[in-house]
1. Might you check whether a residue that is open to solvent by 20 Å² or more (accessible area, probe 1.4 Å) and over 26 Å from the mean Cα position of the chain (by Cα) occurs anywhere in segment 686-694?
2. Can you find even one residue in segment 661-675 that is in contact (Cβ under 8 Å) with a residue 60 or more places away in the chain and over 30 Å from residue 853 (Cβ atoms)?
3. Answer yes or no: is there a residue in segment 840-851 that is hydrophobic (A, V, I, L, M, F, W, C), in contact with a Phe, Trp or Tyr (Cβ under 8 Å, 6 or more places away or on another chain), modelled with pLDDT of 95 or more and open to solvent by less than 30 Å² (accessible area, probe 1.4 Å).
4. When only residues in segment 677-725 that are within 15 Å of the ligand (Cβ to nearest atom) and of a type in the set (Gly, Ala, Ser) count, which is nearest to residue 347 (Cα to Cα)?
5. Can you find a residue that is small (Gly, Ala, Ser), modelled with pLDDT of 95 or more and over 27 Å from the mean Cα position of the chain (by Cα) anywhere in segment 410-432?
6. Could you tell me which residue of segment 608-626 is surrounded by the most Cβ atoms within 10 Å (Cβ to Cβ), considering only residues that are out of contact with any Gly (no Cβ under 9 Å at 6 or more places or on another chain) and closer than 17 Å to residue 539 by Cβ?
7. From 873, 781, 855, which residue is assigned to a strand (DSSP E or B), farther than 17 Å from residue 996 by Cβ and modelled with pLDDT of 95 or more?
8. Collect the residues in segment 784-817 that are outside any helix (DSSP H, G or I) and more than 29 Å from residue 841 (Cα to Cα), keeping them in residue-number order.
Amino acid sequence: MNVNQSAPPVPPFGQPQPVYPGYHQSSYGGQPGPTAPHIPYGAYNGPVPGYQQTPPQGVSRAPPSSGPPPASTAQAACGQAAYAQLGQGDVQNGPSSTVQMQRLPGSQPFGSPLAPVVSQPAVLQPYGPPPTSAQVTAQLAGMQISGAAAPAPPPSGLGYGPPTSLASASGSFPNSGLYGSYPQGQAPPLSQTQGHPGVQPPQRSALPLASSFTPPSSGGPRMPSMTGPLLPGQGFGGPPVSQPNHVSSPPPQALPPGTQMTGAPGPPPPMHSPQQPGYQLQQNGSFGPARGPQPNYGSPYPGAPAFGSQPGPPQPLPPKRLDPDAIPSPASPYVVDHGESGPLRCNRCKAYMCPFMQFVEGGRRFQCCFCSCVNDVPPQYFQHLDHTGKRVDAYDRPELSLGSYEFLATVDYCKNNKFPSPPAFIFMIDVSYNAIRTGLVRLLCEELKSLLDFLPREGGAEESAVRVGFVTYNKVLHFYNVKSSLAQPQMMVVSDVADVFVPLLDGFLVNVNESRAVITSLLDQIPEMFADTRETETVFAPVIQAGMEALKAAECAGKLFLFHTSLPIAEAPGKLKNRDDRKLINTDKEKTLFQPQTGAYQTLAKECVAQGCCVDLFLFPNQYVDVATLSVVPQLTGGSVYKYACFQAENDQERFLSDLRRDVQKVVGFDAVMRVRTSTGIRAVDFFGAFYMSNTTDVELAGLDGDKTVTVEFKHDDRLNEESGALLQCALLYTSCAGQRRLRIHNLALNCCTQLADLYRNCETDTLINYMAKFAYRGVLNSPVKTVRDSLITQCAQILACYRKNCASPSSAGQLILPECMKLLPVYLNCVLKSDVLQPGAEVTTDDRAYVRQLVTSMDVAETNVFFYPRLLPLTKSPIESTTEPPAVRASEERLSSGDIYLLENGLNLFLWVGASVQQGVVQSLFSVASFSQITSGLSVLPVLDNPLSKKVRGLIDSLRAQRSRYMKLIVVKQEDKLEMLFKHFLVEDKSLSGGASYVDFLCHMHKEIRQLLS
Ligand SMILES: [Zn+2]
């Protein structure tokens, strides 16, 4: 153990070093330092228009002369990853526009030279006034909880009745060549919908593919598809709708029988929400506007009829479960303060007061809607009832009229019966050779200087209550004392990583404004101190341990922001070895690639959860870092993992800084525990997401934010009442970012039905896919991937066969009949099956798979929808003046016209595909070059040009980015260019290089499975 209370003149690195030559170079010795642009942070970091951070202008340093550059061999590994958004090994970035920002007083460079070593007593340098903290303007999104099995029913669709399929077994396709090519604009093999005469189902005799799931080999002729004409009333107006609230249910079919739509193009592609992801739980406890009028699906292709625009007969609305007059949803939940008595709860089941509780006996007692227990109303809560039996103050009390609200918790709800302290953020920065070489440390330190002004605040608070601390590390840890009374920060080194401890209490966690001068000084000095490091080895678990111990010592919850570059091979607890072995793919041992290498991280995570210590991990790997193991702690503590493969500050800073800003600023809750209560007959049985569970009911979250979703599976195991429906209450006890203990309550009332047909009429494909993907992605930890895939197919076939058997009218076995709401289940399921976790291509790394696996686990329904089925938007077809997003087309190469330009996004990746014969004027307008051949392939920034098309496309890119929780770096792909292979990976309706079936092939296979189940 070696604690240097009096700091050495140089940090005790592994190797002796000169006294930081760079330190005295002119650019840092009294000269203005790197620019520190003041960033106008928008709330939650939507794109900051016009802001491009200037690359750090630090001295570029050559690799150390002694010893080989540690990461050079890894370059080849970079850029493979679609999830990495390509390292620079693959993609040359275009010109990065640098906009010099106005310097604010607070970011003025220091007027005098810095002290060369951190703990040297020095005179406090005079600083300008601290930066004015810009107000975070908008309310940050609150936490969302989406239940997998809890959608309210959509308006009933038209045409729910006996199937009137016109499909004939004799194969009356005008297009006689059943297996002719898949013509552009031809209807795909699509689901029959009950009540709608549908597509000709594939006939067995005519379906060679149906008997074999082997996809056609690449290079052979394109496999034919089941081309069929559109028959009257064919339900292709129903895209996989992820409309504002992501309801899969297609809009009511309004085409009268007999309407001929021959030659019409295929169905609209999946639609994705331009709105916020996830179900927007309305304050009145039911799901919001998507259940109202469905949007019209204007014709996505020229000449296609508009669907849904013709009014159908009036639809009966499902019964309202909560009062429709409920107060409109506020930006954040109302906070209810019941004083010392605390929230009112049922004595038996402990459910919280909610609008479903029935007041009886003149208001003196209430009957619990979950367990029927009759409870006394405390005198201070008594109120008279009106003639309908409703409390006269119902509308004055959020907990009696709203679906979501918060209670202030009393001390009984606090750990050790003590109100919590405000949480802390600890920034833990890898300063090993790789982190320095890529420019990461300098970029990060520069950013933090301004970012610290935007720590989350509650309500109208002047400043954030969150305290901050700083640690740097390689194979030892350096703590920093940044107490406001110090003239210079002090470094303390902990080299005993086997038994890490916190060397200081006072001065480690500080208020940013009080210690601003010392913090700024520290952040200026860190890049210099380690500029010439040769240390390549890092530790990892001891870093988390140290952060957690620091929070424990300070008796508070908080978050660790870890910035880490390499596999932790230094001798220490949690040391890892490189165990990447692609030969395991498609073997029974493949699951080990997803499992953590050691149990040490689970143990550590458990300790973190007990302390309310959430870990966010930013990874900057050049090669395999074992994401499966490193992400265990973030995953179990409700944290996030960000991965930037082959990071180079100049190429990737926009993406990294954008993610970092959002992550640091967002509203977070800490030390949370969630419990879901239900009415009789239904119960929560399984949970998916980033959290820890020590028993079967309590979801423990060290941290929680609005980018995380907890999916809950409910089991129906007793009789349900159609009258009263099924009630759900989710209660989340947490510590706010200001240190207040609160309970957030969400209530939901669902309709029940006794008829299977009603069930199928009201199901939601997007939600099912979200659940099935999470279930499968968890399954790969324990089962061979093939087993997981097969069980998904079986599950889907059973769902569809059950419909066929019980709900559809008898018809030819050769006919594929799918429920209207599940028409797109096969196409989406196929996307899950051929996703990189379940069927990786050669270019997908083991780390990518582990990374995606844990990302998907916390995605909400909208995110999984676009992730598995990307949006493909044609850019030049819609009028230039149109301000709405162009309608998406199906993700298939056949939909690409070489005369057009397309944007493709899936929430993580963003491509701009340019057709080879696109008009020269378009090329000029967008890229400012004369011809297609002059466009730089792999460009990541479009030039800022003053013409309508350029503005429109850049605006659309900004808008797409603003909809996603992670920044999507743009990659320009030219038709026929080598980068096109990456792009084609996302054309999910086509057969994939990894052997994933095309949609058509998969549909044939699914049909075969269903027939087998029925026979
Ligand atoms: Zn109860």
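The values are calculated or read from the model by the stated rules, or taken from the named source; none is laboratory data. Just so we're clear, the structure is a prediction, and the values are computed from it rather than from any experiment. Here the Cβ positions follow ideal geometry from the backbone for every residue, glycine too, while neighbour counts run over all protein chains shown. These area figures cover heavy atoms from the full protein model, side chains too; ligands, DNA and RNA do not enter into them. Shrake-Rupley method; radii C 1.70, N 1.55, O 1.52, S 1.80 Å.
1. Within segment 686-694 (the criterion being open to solvent by 20 Å² or more (accessible area, probe 1.4 Å) and over 26 Å from the mean Cα position of the chain (by Cα)), the answer is no, since none of the residues qualifies.
2. no
3. Yes: segment 840-851 contains one or more residues that are hydrophobic (A, V, I, L, M, F, W, C), in contact with a Phe, Trp or Tyr (Cβ under 8 Å, 6 or more places away or on another chain), modelled with pLDDT of 95 or more and open to solvent by less than 30 Å² (accessible area, probe 1.4 Å).
4. Among residues in segment 677-725 that are within 15 Å of the ligand (Cβ to nearest atom) and of a type in the set (Gly, Ala, Ser), the one nearest to residue 347 (Cα to Cα) is 679.
5. Yes; the residues of segment 410-432 include at least one that is small (Gly, Ala, Ser), modelled with pLDDT of 95 or more and over 27 Å from the mean Cα position of the chain (by Cα).
6. 621
7. Among 873, 781, 855, only 873 is assigned to a strand (DSSP E or B), farther than 17 Å from residue 996 by Cβ and modelled with pLDDT of 95 or more.
8. Hits for segment 784-817 are 807, 808, 809, 810, 811, 812, 813, 814, 815, 816, 817.
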